[in-house]
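To start, the structure under review is shown below, and the notes come after it.
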Amino acid sequence: MKAILAAASAAILASASAMANNLDPNNPSGNTVDRFADIQVLRYTVPGFNELAPKQKLLIYYLTEAALQGRDILWDQNGRYNLQLRQTLESLYRGYKGDRRSPEFLAFEKYLKQVEFGNGPHHHYSADKFIPGFTREWFDNALSQAGLPAPSPEVSRLIFDPSFMAKRTNQAAGQDLILTSANNLYGPGVSQPEVEAYYAALKDTTDLTPVSYGLNSRLEKTPDGKLVENTYKVGGLYSPAIERIVENLRKAIPYAESKAQADVIRELIKFYETGDLATFDSYSIMWTEDTASQVDFINGFIESYGDPLGMTGNWESIVNFKNEAASHRTEVISQNAQWFEDHSPVDSRFRKPQVKGVSAKVINAAVLAGDSYPATPIGINLPNANWIRAAHGSKSVTIENITQAYDDASHGDGFNEEFVIDQPTRDLLDKYLFITDNLHTDLHECLGHGSGRLLPGVDPDALKAHGSTLEETRADLFALYYLADPKLLELGLLDNPDAYKAEYYKYMLNGLMTQLMRIEPGKDIEEAHMRNRALIARWVLEKGAPDKVVEMVKRDGKTFIQINDYQALRDLFGQLLAEIQRIKSEGDYPAGEKLVEEYAVKVDPALHKEVLDRYATLDIAPYKGFVNPVYTPVTDKDGNITDIKVTYEEDYLPQMFRYSSDYSPLTK
Ligand code: ZN
């Protein structure tokens, strides 16, 4: 599972100036590299890289190479014509013969940048297709003038026909979610009932260690209508890319920090070679149990948010290393995991008698790749398999150099002045939001996802299409509930009993109002994390209404969030946590569906318009992403790599073009 930064959170972090900079002052930290459409591209730095041992730097280097080699896989998973589209667009950008300042070319450049950001022609977050600001006639002419071939009919339709592959991942109830999703996780013509029946037949609900069916395969139809799984592996689907990943993982092995870590890498290679899901589970267990290594990585088919049925994993990789000083915070939380589990407001039948191996650390990312690039999570909790989490715990991280880059980028953007109700509340946010937002992420990742248990015999996928939303809701509520607990003061994680109010205010503001700026007028809320925030905020608003716990008030014609009773708000978070945990533990799909449909989906058009109008006056990009640093090997006179140099100069499109030329095993 991943935690992503709420847009309002990114903006509102602006004010936490006191915490703003512990980066190397010589590094150009957090600066804006590019700005287009609704996107701001930032640069992040990697504090501490230069201080690592040469062996660790080489380990990171080869893991980074393995990360970049998977880029094409994700592009193709996002859509079966995406790689063709990218080649066409990049060729035209390079070979264009006309005026590069003309409105048409600038519109084309914007579209190209959007497509690169989305790893395909759909928005990375809303999953809606981009609308080009240039005509088909201009495009076809420009290609022919540049001596380039005309695009395939599918690529043309992909760019110019808004109804063709309109949505990458469709979550709209009442439709066939597979047939109406443009992504390539299932073969053409495969329907949702077929997918559900296929996997229902495979699943043995009495198996206590079930593999994650469908995680690394595309379910396809043969010409005679039979369903077959085409597995992502060496010799299978995406083989050329997976071979390169494996080759670089092999090169990393001699530099592993321990035998245990070398074995983790070997097991991952075995998984890529066999495609065997039981091997993926044994790899995940070994990976979870290696908590001693400073350098760590994610590499594989991990998160399934891109699959409307939540089964197939999108390829991603993040290479990282532990930020020792900042990890103290999450270590304290982890060490006290059992206390938090025992005191949670959920029914004791749904609590874990023993919370095992919740490990947590603060890391700095060295590279972001696949589905974590250019937009990236700020926190990650893995593995996803419930039984592994129950038996072996999970690893949870907060990516500090990324949150730092967000924070650096958002200073003084006017957000708080526009949306926060009064000066005392703004002061509260100034003082405590950075730390409580980080703590929220820590609690969500370290404890929230790992807490609770299913009743015996309950299918972990019982909540079906609402599973992701309700799981994020559960983790967020766990974090919100404990942010206000005096235990955090006792543990030295906060120094003021009112500090939690900063995060409560921001959470309610975001869930009730400001996250709406990410939605186009007339559309519903679809993304799982956004639904979760709306569900929580609207539920507590409604349940607390008789006592005026939280109110939406008007000042000078503008809507503001006013919180009258923070303790009562905490109690409401606790009540909802108890209910969500019950739903999860019992697999109560109807109750889960009702909560999602009642609180998490619909948008009040008047409020939505107000938020968009007010937000538009600020010119803040609702979405942010990152360019990676560049790692260059330093060699001795015999050509041996002795060190790795990191630089932060590469710009957005040049990086994308370099990746397309140097790391594109599926297009060559
Ligand atoms: Zn989460």
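The values are calculated or read from the model by the stated rules, or taken from the named source; none is laboratory data. Everything quoted here is computed from the prediction, not taken from an experiment. Neighbour counts are summed over all protein chains in view; Cβ atoms, including those assigned to glycine, are modelled from backbone coordinates with ideal geometry.
Every condition in (1) in contact with a helix residue (DSSP H, G or I) (Cβ under 8 Å, 6 or more places away or on another chain); (2) within 30 Å of Tyr631 (Cα to Cα) holds for Phe340 except the one numbered (2). On the given criteria, is Asn364 modelled with pLDDT of 90 or more and either within 14 Å of the ligand (Cβ to nearest atom) or of a type in the set (Phe, Trp, Tyr) (or both)? No. Residues in the stretch 649-668 that are surrounded by fewer than 18 Cβ atoms within 10 Å (Cβ to Cβ) and in a helix (DSSP H, G or I): Pro654, Phe657, Arg658, Ser661, Asp662. Scanning the stretch 631-651 for residues that are over 18 Å from Val319 (Cα atoms) and touching a helix residue (DSSP H, G or I) at 6+ places or on another chain (Cβ under 7 Å) gives Ile641, Thr642. When Phe164, Phe160, Phe139, Phe134 are screened for being among the aromatic types (Phe, Trp, Tyr) and within 28 Å of the chain's Cα centre (by Cα), only Phe164 passes. I need the helices (runs of 4 or more DSSP H) fully contained in the stretch 1-78, keeping only those with at least 3 residues that are modelled with pLDDT of 95 or more, within 16 Å of the ligand (Cβ to nearest atom) and out of contact with any strand residue (DSSP E or B) (no Cβ under 9 Å at 6 or more places or on another chain). Hits in the stretch 1-78: none. Leu494 meets the conditions (1) within 16 Å of the ligand (Cβ to nearest atom); (2) in contact with a Leu (Cβ under 7 Å, 6 or more places away or on another chain) in every case but one. The failed one is (1). When you check Leu595 against the structure, is it closer than 30 Å to Ala534 by Cβ, more than 23 Å from the chain's Cα centre (by Cα), surrounded by fewer than 18 Cβ atoms within 10 Å (Cβ to Cβ) and touching a residue at least 24 places away in the same chain (Cβ under 8 Å), yes or no? Considered against the rule, which asks whether it is closer than 30 Å to Ala534 by Cβ, more than 23 Å from the chain's Cα centre (by Cα), surrounded by fewer than 18 Cβ atoms within 10 Å (Cβ to Cβ) and touching a residue at least 24 places away in the same chain (Cβ under 8 Å), Leu595 comes out as no. Of the listed requirements (1) within 16 Å of the ligand (Cβ to nearest atom); (2) modelled with pLDDT of 90 or more; (3) surrounded by fewer than 23 Cβ atoms within 10 Å (Cβ to Cβ), Glu472 misses just one: (3).
Would you check if Lys543 is surrounded by fewer than 17 Cβ atoms within 10 Å (Cβ to Cβ), modelled with pLDDT of 95 or more and over 26 Å from His343 (Cα atoms)?
Values: surrounded by fewer than 17 Cβ atoms within 10 Å (Cβ to Cβ): yes; modelled with pLDDT of 95 or more: yes; over 26 Å from His343 (Cα atoms): no.
So Lys543 does not fit the description; no.
Being modelled with pLDDT of 90 or more, under 17 Å from the mean Cα position of the chain (by Cα), surrounded by 21 or more Cβ atoms within 10 Å (Cβ to Cβ) and more than 16 Å from the ligand (Cβ to nearest atom): is that true of Pro383 here? Here the answer is no, as Pro383 does not meet what is asked. When restricted to residues that are at pLDDT 95 or above, among the hydroxyl-bearing types (Ser, Thr, Tyr) and more than 22 Å from Leu249 (Cβ to Cβ), the stretch 313-342 contains 0.
For Glu303, the conditions (1) surrounded by fewer than 21 Cβ atoms within 10 Å (Cβ to Cβ); (2) within 14 Å of the chain's Cα centre (by Cα) all hold with the exception of (1).
Screening the candidates Ala182, Ala241 for the property of being surrounded by 17 or more Cβ atoms within 10 Å (Cβ to Cβ), of a type in the set (A, V, I, L, M) and in contact with a His (Cβ under 9 Å, 6 or more places away or on another chain) yields one hit, Ala182.
What residue, among those in the stretch 402-452 that are of a type in the set (S, T, N, Q) and within 17 Å of Arg533 (Cβ to Cβ), is nearest to the ligand (Cβ to nearest atom)? Residue satisfying both the conditions and the ranking: Thr441. Restricted to the stretch 551-581, and to residues there that are among the aromatic types (Phe, Trp, Tyr) and within 23 Å of Val346 (Cβ to Cβ), the residue that is surrounded by the most Cβ atoms within 10 Å (Cβ to Cβ) is Phe573.
Being modelled with pLDDT under 95, touching a Lys or Arg at 6+ places or on another chain (Cβ under 8 Å) and either assigned to a loop (DSSP other than H, G, I, E, B) or polar (S, T, N, Q) (or both) is a property that Thr291 has.
Close Cβ contacts (under 8 Å, 6 or more residues apart or on different chains) running from residues in the stretch 441-454 that are under 24 Å from Gln404 (Cα atoms) and among the β-branched types (Val, Ile, Thr) to residues that are within 11 Å of the ligand (Cβ to nearest atom) and not in a helix (DSSP H, G or I) comprise Thr441/Ala3; Thr441/Ile378; Thr441/Gly379. Being surrounded by fewer than 22 Cβ atoms within 10 Å (Cβ to Cβ), over 15 Å from Trp287 (Cα atoms) and modelled with pLDDT of 90 or more is a property that does not hold for Pro374. Applying the set (1) over 21 Å from the mean Cα position of the chain (by Cα); (2) among the polar types (S, T, N, Q); (3) surrounded by 19 or more Cβ atoms within 10 Å (Cβ to Cβ) to Gln354 leaves exactly one unmet item: (3). When the criteria are applied in full, Val397 fails the requirement of being more than 15 Å from the ligand (Cβ to nearest atom), β-branched (Val, Ile, Thr) and touching a Gly at 6+ places or on another chain (Cβ under 9 Å).
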